[in-house]
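Inspection log for the structure reproduced underneath, given as structure tokens.
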There are 4 protein chains.
Amino acid sequence: MPERNGMLKLGMVGGGKDAFIGAVHRSAARLDGEFQLVAGAFSSTPEKAIESGRELGVTETRNYPSWEDMLERERRLPADERLDAVSVVTPNHMHYPVSRAFVDAGFNVICDKPLVHTSQQADDLASIVRARGTVFAVTYNYTGYPMVRQARCMVQQGLLGDIRKVIVEYNQDWLANRAEAEGLKQAEWRTDPTRSGIAGAVGDIGSHAENLVSTITGLTLSHICADITTFVNGRLLDDDANVLLRFTSGAKGVLVASQISAGEENDLRIRIYGTRAGLTWIQENPNYLYYKPIGEPEQIYKRGHSYLCPEAKAAQRIPPGHPEAFLEAFANIYRAVAVEIRARQEGREPSPEESDFPSIEAGVRGVRFIESVIASAKSSEKWSAVR
Amino acid sequence: MPERNGMLKLGMVGGGKDAFIGAVHRSAARLDGEFQLVAGAFSSTPEKAIESGRELGVTETRNYPSWEDMLERERRLPADERLDAVSVVTPNHMHYPVSRAFVDAGFNVICDKPLVHTSQQADDLASIVRARGTVFAVTYNYTGYPMVRQARCMVQQGLLGDIRKVIVEYNQDWLANRAEAEGLKQAEWRTDPTRSGIAGAVGDIGSHAENLVSTITGLTLSHICADITTFVNGRLLDDDANVLLRFTSGAKGVLVASQISAGEENDLRIRIYGTRAGLTWIQENPNYLYYKPIGEPEQIYKRGHSYLCPEAKAAQRIPPGHPEAFLEAFANIYRAVAVEIRARQEGREPSPEESDFPSIEAGVRGVRFIESVIASAKSSEKWSAVR
Amino acid sequence: MPERNGMLKLGMVGGGKDAFIGAVHRSAARLDGEFQLVAGAFSSTPEKAIESGRELGVTETRNYPSWEDMLERERRLPADERLDAVSVVTPNHMHYPVSRAFVDAGFNVICDKPLVHTSQQADDLASIVRARGTVFAVTYNYTGYPMVRQARCMVQQGLLGDIRKVIVEYNQDWLANRAEAEGLKQAEWRTDPTRSGIAGAVGDIGSHAENLVSTITGLTLSHICADITTFVNGRLLDDDANVLLRFTSGAKGVLVASQISAGEENDLRIRIYGTRAGLTWIQENPNYLYYKPIGEPEQIYKRGHSYLCPEAKAAQRIPPGHPEAFLEAFANIYRAVAVEIRARQEGREPSPEESDFPSIEAGVRGVRFIESVIASAKSSEKWSAVR
Amino acid sequence: MPERNGMLKLGMVGGGKDAFIGAVHRSAARLDGEFQLVAGAFSSTPEKAIESGRELGVTETRNYPSWEDMLERERRLPADERLDAVSVVTPNHMHYPVSRAFVDAGFNVICDKPLVHTSQQADDLASIVRARGTVFAVTYNYTGYPMVRQARCMVQQGLLGDIRKVIVEYNQDWLANRAEAEGLKQAEWRTDPTRSGIAGAVGDIGSHAENLVSTITGLTLSHICADITTFVNGRLLDDDANVLLRFTSGAKGVLVASQISAGEENDLRIRIYGTRAGLTWIQENPNYLYYKPIGEPEQIYKRGHSYLCPEAKAAQRIPPGHPEAFLEAFANIYRAVAVEIRARQEGREPSPEESDFPSIEAGVRGVRFIESVIASAKSSEKWSAVR
């Protein structure tokens, strides 16, 4: 399959058949016509990798049985055939070796979250990214929503005053029963420490919550106090976490992440309370942002309007009332990475609104957060410092 | 003012001019035509007490300058003139001496929350109530809502399975600024330790949240871990609290109480997650209860329908879609107390649905909860036991 | 039962056992302590009337077997014993004779809606009210809500610009089945032309919708085009109506009233669209008013705040977030009537905010509206004039 | 640009720069990787057409200055290079000549709504489609939503009983001011009778509302009574319509379509009331369907769950709580057309769930509806028959 003129060439590691997130990455990459999937090693099982690549229409010569083969061959291609970016959408344990190797070979990388298993790995990867100067994005996709960017802008404009308190929650129920014992692939690796890492719900969704807080508020965690639980018998990792937060600014907070909260689907939500106003955003109805100035009527900011901040406008595609949702937010990461890659290729400086994606630093911070929560949960000390 | 045949005779201590909660108690007492206000000592300032009583139309001979005068005279009245109940709606510090004295004299008492300042006082008061056998209600008014009673019933019926997690919140913003320095009476005494007690937001609203959890779930707190804050400069008590909860059953939870959460009005809400289903209730839109069985459509139970439990039905007055609200819930406490008093006067056993009100034991538990939160907040130990 | 000093003496015609609306009137009258029920003829069946009066605690001498007896005796009482007002809460067909007789005897009257059966009766009653100068209120209770008054104020302030369009709906389902054949009293008389009048749903709830439009917008209907239906077999009156509206100003609209809309409880709602902004209010969640200026964030006005108009503030009792509902809105009619009566008794002019209740003129307009809808429904002409 | 193996080859007429709906069609076509845009005549202005094609990356040889050129050359291409489908996304007046010509040449066509200007054109086009046996889809995109398909299924399963009443609305405000005089392209042609046709709001959005009713309920309109208005001075077509509906089954209804409803964005919503239950769906929050059986708790059906009907499941991509929205619904039309085209190419019969798209018959019905509304609006007869 030859490439279309002007489209960026994308390779993918992981994301074969039965993988939820691989298909999401592909839809997101495709939505704006910026990327064309031209190569891949879609599974750790060679046969499955090849089969998946065929189903996806990838040319035989670039459909690899393993990521090592892919790296080996793709790095030697001439500049005009070379991949513009590689998406790493494997289970967590492969993020580090795969991302590290591709970055080291000079490839731009889009890696799923959480970035890696340990902060040592994270620091190492970050230093290699810095050394090689490649583009590196972590798909904290929820901060790709236009109204999250609007929230960040309103905080920066001082509309909330000084932030006193943050309540962030990520409530799900898909692991309320022992789905990993019933053949659900998504559940299997996410509850397996060798693949998922030291954390279950904390890593899978708690890190999204942390990223949401950090992205919108810009606050830095100082100390946390965590209570994590494994409610489902036989499960090897946490499926529920309640965490008290203290920020360096003196702000306080609560973070809740749960995969056993019966009846909840994908209930990521954040409330931020400042000295002047409060702000609420709810992922399941993402086109609205609720702004509550003290003593004035509550206001509902809605996606698509001219009154929004430039970075919110840059993240939308269609008019008000024509709802955008999860895929568009995810695609915003890909679109921003495309802008960044093209700008670098052309020696330009992209506008900050257009090249807005979660960086390796966000990924490193996420890994540290996960480690801190697990450490706090094991500690009898009330407060554990967040590095 | 002579009494109407058949109406119970109510006296009131506190609740004079400028008092918010006194007027609420009177409306609640009046709503169902069960009580007639015939006596009172409406303020700690004698002139203000008398003036308030006149405005309320209380007969001069029963309009007292002090609660001690009221007690002294009312206790000597013949049985057919005697007060059927006394409402204690003073600032917190007077709950103990006033309630104790009236109970000791054999009066039935309806006391505002939190019951008293210390658990010693609470235990003492409870033992006197038991000794004298009087009716004693604590106005944890929010558990008077029909849909809270429906929630309790559904938990008891096992519709949620085993409860794993509870998130209860009470978010307000009326103390986001230093209202106590601007002449707001309600703020003044609530932020004054000599009148409010050891806790601010924790006592004023956190105890409502505790009562809501306890009433609906029947769970018993084992340990808590609290972080409380005074965000407003110059304030003497906490205005924000975040608390991790552990129950004796193994269930976990989070309790949030805040009076600085900008843009929130009176946002008491609870979410309960069991092995089978979740349940959500929100005080500001109280006629609905959201039931979320795993893998099935969410259901909205609505006040007034024949499919509700008997105790929910017993707590309502008008048909579906004709919303009931705060006053009716509050009045349910008074109506239930009236049923209990009449039953005792007539030697009957009232039905549990009709005589459903928060008992002295709920009040005692609330005081212990407040003490535990303050103790935990001061402790460097992660977990503090709840007695 | 002697009267309490300072309370207004209320008599009631109708509203005995099994009557929904009589109990609502009594609760509304009682809520603010302004009225004391001292006399009544509570049923057209003498035995039931007397029995109901006894249950309500009315003194034997003022507990009448018929409204004629009540009128006969009460009119002769000395001034200081005389009723300050009479509530007429019978089925519709008795509104005219009872109200007319009591007004003619100089009594102030609070009459349920629709006012009477025909516009001739309405005009006659109105002229008698004017001639006798008595206070006359029609319990279009939904316009007693604080946020309806806020809506009216915002229209008057020009915040909507010129009104172009109104959509008003009143959707219920309690007559989706033939409840009148199953012994439901409320259904029986409402579906009986001899008691209910020429209209079913149109009269029972359509007239509330008309009053809501007229109260908030001040617009005058010019022409209507109605399609009414009786969906339930055997029913004698309409149970569903869809009506196109044209106002004299050039504004257009739609009015829907239905008692067969499955799953709807008491869904009265209005949307108003002007050249500058839209406005939405929904009775089932009545503490909020949604204001939508073109090109700006939607705003949610909430009951209890200092930013509201004086007439909205005058209609509330408790702080924001402590929801008020149906009974309080109904009680606002009674409280305003009390203010008006006392002002007249004392020769004062009451403030417009405090004496704000639906007048006999609103009642007359409602009857004309009902007649117009029925006439249009029978006509093959597209547009029928509204007188 | 060579084509990717396995992707269907798509051509497009219209949809150049500044066109909203062309970009939506392209995103929708791209989302699932089924179509590749390989040819186009993107504007009626040749220079603009070519420039748009270049920006879209279309190969020079298939980037046409006019649709006639495109047709002329594309029809002569060998079978393996031929377009699998042509999207017609011009202003309305070109739908007929362009669609007719391409169908006549044997191309499959995806045409925007409303289908054509007159029912004669519609009938003519339909007969050609039947004669040529091509695939023809009309992008009534809102019926592509999974929960609309769930609604249709639930009606068919009898969960609502017999339908009595339908209320469908489509409220917008983007034409509340004279946007067509301010250079807004979308407004210009939509308010120009030579391009838009005889109707403004009625054609642009009223026909979506009609399609929604027809798709979900399967009911057939018998008679209508319409009141249409042009509120904005100088505008040449209607910007507001209120229509009473009568169905052949005896069901009644109301249809509202407005582009001057201040504060509304894209508020398409439908309520359906049957003898057993009601059903509500709201486009702006499209992942939920509200099912209200009489006398039981309301139920919220949510996208992504196993309890949904097969046709709803076939229309979704990602798990519950990961919201899908406008683009995915639109893409469902394209995906279904792709399934249909491939099935025909391979001589298979596709499953009805997978090849579910609005047909030419739906388009014909939509044109008839528009004509009927305009005819009724001009008539002094109350009821106009719908052919």
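Coordinate-derived values only; no laboratory data. None of the values given here were measured: they were computed from a predicted structure. When we count neighbours, we look across all protein chains shown, and the Cβ atoms used for this are built from the backbone with ideal geometry, even at glycine.
Structure notes:
- Distances in nm from residue B:97 to the matching label points in the other copies, shortest first (labels 7 Å along Cα to Cβ): 6.4, 7.6, 9.6
- Largest mean-square fluctuation among C:57, C:144, C:203, in a Gaussian network model of chain C whose springs join Cα atoms under 10 Å apart, belongs to C:57.
- Ascending count of other beta-carbon atoms within 10 Å, so fewest first, for B:31, D:159: D:159, B:31
- Per-residue mean of C-beta atoms belonging to partner chains within 10 Å, peptide D:164-177: 5
- Of the residues C:278, C:133, C:197, the one that moves most in a GNM of chain C with alpha-carbon contacts below 10 Å is C:133.
- Chain D - mean residue ellipticity at 222 nm from DSSP helices (-39,500 (n - 2.57) per run, n ≥ 4, rounded to 500): -10000 deg cm²/dmol
- DSSP-defined antiparallel bridges as percent of all bridges, chain B, nearest 5: 60 percent
- Rounded to the nearest 0.05, the FRET efficiency derived from the C-beta distance between residue A:195 and residue D:17 at R0 = 45 Å is 0.40.
- Pseudo-label separations to other copies for residue A:230 - Cα-to-Cβ vector, 7 Å, nm: 4.4, 6.9, 7.2
- Euclidean distance of C-alpha centroids, segment B:316-370 and segment A:131-149, integer Å: 54 Å
- Unpaired Cys in the protein assembly as shown, meaning no second Cys C-beta under 4.7 Å: A:111, A:225, B:111, B:225, C:111, C:225, D:111, D:225.
- Computed from the C-beta positions of residue C:51 and residue C:104, the FRET efficiency with R₀ = 25 Å rounds to 0.30.
- Segment B:8-139 - convex hull of the alpha-carbon atoms, volume per residue in Å³: 95 Å³
- Förster radius 51 Å - calculated FRET efficiency between residue C:361 and residue B:73, Cβ distance, rounded to 0.05: 0.45
- Beta bridges by DSSP in the protein assembly as shown, antiparallel share as percent, to the nearest 5: 60 percent
- Cα-based shape type of segment B:53-199, given that a ≥ b ≥ c are square roots of the gyration tensor eigenvalues and the cut on a/c is 1.5: oblate
- Using the Cα coordinates of segment A:145-219, the gyration tensor eigenvalues translate into equivalent-ellipsoid semi-axes of 34, 11, 10 Å, sorted from longest to shortest.
- Three-way shape call for the protein assembly as shown based on the alpha-carbon gyration tensor, with the a/c threshold at 1.5: oblate
- Within segment B:141-178, backbone nitrogen closer than 15 Å to the virtual label 7 Å beyond the Cα of residue B:220 toward Cβ: none
- Within-9-Å neighbourhood charge of residue B:255 [Cβ basis; K, R +1; D, E -1]: -2
- Rounded to the nearest 20, the Cβ-based charge dipole of the protein assembly as shown about its Cα centre (Lys and Arg +1, Asp and Glu -1) stands at 0 debye.
- Axis-nearest residue in chain D [Cβ, rotation onto B], distance in whole Å: D:299, 3
- Ascending distances from the residue C:123 label point to its copies in the other chains, with the point 7 Å along the Cα-to-beta-carbon line: 5.2, 8.1, 9.3 nm.
- When the Gaussian network model of chain B links Cα atoms closer than 10 Å, the mean-square fluctuations of B:345, B:259, B:283 top out at B:345.
- Shape category assigned to chain B from the gyration tensor of Cα positions, a/c cut at 1.5: oblate
- Considering only alpha-carbon pairs that sit under 8 angstrom and 6 or more positions apart, the relative contact order computed for chain D is 18 percent.
- Contact order relative to length of segment C:266-344, as percent, for alpha carbon pairs under 8 angstrom and 6 or more apart: 17 percent
- Among beta bridges that DSSP assigns inside segment D:126-263, antiparallel share in %, nearest 5: 70 percent
- Within chain A: Cβ-based charge dipole about Cα centre, in debye rounded to nearest 20 (Lys, Arg +1; Asp, Glu -1): 840 debye
- Alpha-carbon centroids, segment A:251-277 and segment C:200-266: separation in whole Å: 43 Å
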